[in-house]
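Report on one structure; see the data block that follows.
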Amino acid sequence: MKLTMVGTGYVGLVTGVCFANTGNDVVCLDIDQGKIDMLKKGICPIYEPGLTELMEKNYAAGRLRYTLDKGEAYPDADMIFICVGTPSDERGHTDLSYIDGAADDIAAAIKQLGLGHKPKTIVVKSTVPVGTTFRIRDRIKAIVGDIAFHIADNPEFLKEGDAINDFNKPDRVVVGVESAEVGEQFRDLYDPFVRQGHPVFIMDVLSAEMVKYASNNFLATKISFINEMANLCEAYGADINRVREGMCSDSRIGHAFLYPGLGYGGSCFPKDTLACIMMGEQAGVKTDISRAVHDTNQRQREIFFKKILSHFGGEQGLTGKTLAFWGLAFKPKTDDIRQAPALTIARRALGYGCTVRGFDPVAMENVAREAPTIDLFDDMYEAATGADALVICTDWDEFKSPDFARLASVMNARVIFDGRNLYRRQQAKDLGFTYYSVGRAPVRPE
């Protein structure tokens, strides 16, 4: 099948590469000359394990192309996937200007082809408020008139850091269509990815759009819930790790996304939770749970920062201190720092006159651009040198079993604020560290 991806960001690039890898002819279209030049050289603009290798393989085989030319991307495509950005403001209102621009370009290409060509299937892959796919359909129809085309919605469910595996072995594929014919087109396209028995759900367009928001909002709810329980555990002297073990052994509950910490970040959970709130406001529907999820998540960072403030004796006590941060990306196995808890906490510390030193295995370039006041180091122990405390914000594997003796030797004081509960409390105490975590009482050496 001939496919075009509009946009070579996270969704468009992963989707295009994985479709090419199953034998489809894929063109990736973008307006960024620099990005297209990088891609043609085999340089991946994002950090995603396994993606570069698949890019190189399929580009060499001629199944994957990159272009700035709309005249190359649109005319021969059977299906056109719109994978452009849909940023939102702090209230959850989605900017659809990139979607609209892509729709107008596609409409112009279809109009130029004229009557009689095989109808193209235009697929909204970007996450959009419910009703947007039909809005795009009507926008295109206003331009092309009687020329036939199909519209569909195909939400993505890719975890950053594990996107290739998610695409190749999806839990489910969700597609919203207006006709059985287009549904069968999607079944053919996704057949190589669901042979292990996972379902392809063909449904109406509005429900498909809503599935993405409902899924992410529920996962965000689980994260906020376990953090609220962690705060109760601290208040009453319980251990959230023990509580979690007992709670999650119930088959009705399970373990996924029920890990206490600093709350969720990234581009999806914050945006999609706020979008549900915004859609509720527009429809006159109360979304009290979604509001509580968002508020709890934002408050979790402040609760953790207050532990740092309290340890140093309040606001004035932080002035002149040095904090070392291990982990700056919002989660491991990605360089994404959007809505990263580490940056929220680091900026708060900087505001009180702290010096902030940081290390992250892959996110350093993004941090240098977005937060230049953080001093960055290429080695985790170098970042901790001279620090009055270590703050752990991302659970990268290399942080889980550090050389504690080396760490103690380079720090000014043996103090760890662990936002991911990487270490055992007794272990930290035996090594002479004052240790703060989430949902567990702090420990101090005797």
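The values are calculated or read from the model by the stated rules, or taken from the named source; none is laboratory data. Everything numeric in this text was worked out from a predicted model, so none of it was measured. Backbone-built Cβ (ideal geometry, glycine too); neighbour counts: all protein chains shown.
A compact table of results
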{"quantity": "Count of the range 254-292 residues which are under 16 Å from Ser88 (Cβ atoms) and assigned to a helix (DSSP H, G or I)", "calculated": "16"}
{"quantity": "Test: residue in the range 279-292 that is surrounded by fewer than 19 Cβ atoms within 10 Å (Cβ to Cβ) and farther than 28 Å from Met210 by Cβ", "calculated": "no"}
{"quantity": "Positions within the range 333-353 being assigned to a loop (DSSP other than H, G, I, E, B) and either closer than 19 Å to Glu315 by Cα or touching a helix residue (DSSP H, G or I) at 6+ places or on another chain (Cβ under 6 Å) (or both), in sequence order", "calculated": "Asp335, Ile337, Gln339, Tyr352, Gly353"}
{"quantity": "Residues that are crowded, with 16+ Cβ neighbours inside 10 Å, polar (S, T, N, Q) and either in contact with a Pro (Cβ under 6 Å, 6 or more places away or on another chain) or not in a strand (DSSP E or B) (or both), drawn from the range 399-446", "calculated": "Asn421, Ser437"}
{"quantity": "Every pair of residues 6+ apart whose Cβ atoms lie under 9 Å, when the first sits in the range 239-264 and is without any contact (Cβ under 8 Å) to a residue 40 or more places away in the chain and closer than 18 Å to Lys159 by Cα while the second is surrounded by fewer than 18 Cβ atoms within 10 Å (Cβ to Cβ) and of a type in the set (D, E, K, R)", "calculated": "Ala256/Lys222; Phe257/Lys222; Leu258/Lys222"}
{"quantity": "Residue list for the range 118-140, restricted to those being part of a helix (DSSP H, G or I) and over 27 Å from the mean Cα position of the chain (by Cα)", "calculated": "Arg137, Asp138, Arg139, Ile140"}
{"quantity": "Among (1) touching a strand residue (DSSP E or B) at 6+ places or on another chain (Cβ under 9 Å); (2) touching a residue at least 24 places away in the same chain (Cβ under 8 Å) - the single one Arg187 does not satisfy", "calculated": "(2)"}
{"quantity": "Matching entry among Ser207, Ser224, Ser179 (being on the phi < 0 side of the Ramachandran plot, surrounded by fewer than 13 Cβ atoms within 10 Å (Cβ to Cβ) and of a type in the set (S, T, N, Q))", "calculated": "Ser179"}
{"quantity": "Boolean, Lys212 is touching a strand residue (DSSP E or B) at 6+ places or on another chain (Cβ under 6 Å) and either touching a residue at least 40 places away in the same chain (Cβ under 8 Å) or crowded, with 20+ Cβ neighbours inside 10 Å (or both)", "calculated": "no"}
{"quantity": "Number of the condition not met by Val356 [criteria: (1) more than 25 Å from Tyr10 (Cα to Cα); (2) aliphatic (A, V, I, L, M); (3) assigned to a loop (DSSP other than H, G, I, E, B)]", "calculated": "(3)"}
{"quantity": "Count - residues of the range 345-360 that are touching a residue at least 12 places away in the same chain (Cβ under 8 Å) and surrounded by fewer than 20 Cβ atoms within 10 Å (Cβ to Cβ)", "calculated": "6"}
{"quantity": "Residue match in the range 85-97 (condition: surrounded by 19 or more Cβ atoms within 10 Å (Cβ to Cβ) and more than 22 Å from Glu209 (Cβ to Cβ))", "calculated": "no"}
{"quantity": "Test: Asn421 is assigned by TED's automatic domain parsing to the domain that holds Gln300 and either of a type in the set (Ser, Thr, Tyr) or within 19 Å of Lys306 (Cβ to Cβ) (or both)", "calculated": "yes"}
